[in-house]
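Take a look at the structure set out below.
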Amino acid sequence: MDLIERNKELMKKFETMINTADEKLAAELVDNNAAFYTPASPEPLYGGSGYLSVVHWMRTGFSDVQWHITDMIADIDKVAVKWNLTGTHDGEFMGIKPTNKKISVCVMNFYYFNSEGKVTNDIAAEGMIGIMRGIGAI
């Protein structure tokens with residue numbers, strides 16, 4: 001399997017990881033030194049457990065949140081993924097009380113891989129605007 005196909009397969013596993021919050025998959029797929037920046041924390045979050053903390057943060061506001069790959073372009077050391085994020089705003093999110101509105105938001109992320117095939121960086125397009133619009137905050 002070439003690196004491009006490997007990276008596509010890794011992203012399919014990554015989709016399973018974030019939708020199930022699977023800690024074993026997170027350790028397998030995310031480099032321990034990978035730093036992630038998010039509104040969930042003023043400090044960077046590291047490794048698979050750091051990435052999953054973002055997932056858990058999202059679930060506090062959207063208990064049924066799911067990410068589904070709708071498109072993907074892969075290269076030898078990076079993958080661009082178009083996600084469809086869905087969920088119901090049934091918990092407080094960024095200080096906004098639950099609205100029980102269902103959201104469906106297009107989100108773009110770029111993932112970078114090391115030679116072992118682990119995610120070392122995740123650059124996200126501004127999906128937060130779509131989420132905030134979906135719950136009526138903007």
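The values are calculated or read from the model by the stated rules, or taken from the named source; none is laboratory data. Fair warning: this is a prediction, and the values are worked out from it, not measured in the lab. All Cβ positions, glycine included, derive from the backbone under ideal geometry; neighbour counts span all protein chains shown. All accessible areas refer to the heavy atoms of the entire protein, side chains included, with ligands and DNA or RNA removed. Shrake-Rupley method; radii C 1.70, N 1.55, O 1.52, S 1.80 Å.
A compact table of results
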item	result
Per-residue ³J(HN,Hα) for segment 95-109, Karplus 6.51 cos²θ - 1.76 cosθ + 1.60, θ = phi - 60°, Hz, x for Gly and Pro	x, 9, 4, x, 10, 6, 6, 8, 10, 9, 10, 7, 10, 10, 9
Share of alpha-carbon pairs per 10 Å distance bin for the chain, given as whole %	12, 43, 34, 10, 1
Computed FRET value (nearest 0.05) for residue 35 with residue 80, which takes r as the C-beta separation and R₀ as 22 Å	0.65
Residue 5/residue 99 FRET efficiency (R0 30 Å; Cβ-Cβ; nearest 0.05)	0.10
Solvent accessible area, Å² - residue 12, 1.4 Å probe, full protein context	100
Within the chain, helix-based [θ] at 222 nm, where runs of 4 or more DSSP H residues each add -39,500 (n - 2.57), nearest 500	-10500 deg cm²/dmol
Listed pairs 82/102; 24/97; 78/102; 12/101 exceeding 23 Å between Cα atoms	24/97; 78/102; 12/101
Additional length obtainable on full extension of the chain from residue 132 to residue 13, 0.36 nm per residue less Cα span	40.1 nm
Probe 1.4 Å, protein heavy atoms only - accessible area per residue of the chain in square angstrom	53
Heavy-atom accessible surface of the chain: percent carbon and sulfur, 1.4 Å	54
Antiparallel content of DSSP bridges confined to the chain, in %, to 5	95
Cut-off 12 Å between beta-carbons: net charge of the residues surrounding residue 75, Lys and Arg +1, Asp and Glu -1	0
Under Karplus coefficients 6.51, -1.76 and 1.60, residue-wise ³J(HN,Hα) of segment 61-76 in Hz, glycine/proline x	x, 9, 4, 9, 4, 9, 10, 10, 5, 10, 7, 7, 10, 10, 10, 6
Simple Cβ-charge dipole of segment 71-138, Lys/Arg +1 and Asp/Glu -1, about Cα centre, in debye nearest 20	340
Karplus-derived 3J(HN,Hα), 6.51/-1.76/1.60, for each residue of segment 26-40, Hz, glycine and proline x	4, 5, 6, 9, 10, 5, 4, 8, 5, 9, 10, 10, 7, x, 6
Rel. contact order, % - alpha carbon contacts under 8 angstrom, at least six apart, the chain	21
Cα gyration tensor, segment 23-80 - rounded (a/c under 1.5), prolate or oblate	oblate
For residue 121, distant residues with modelled amide H under 5 Å away	112
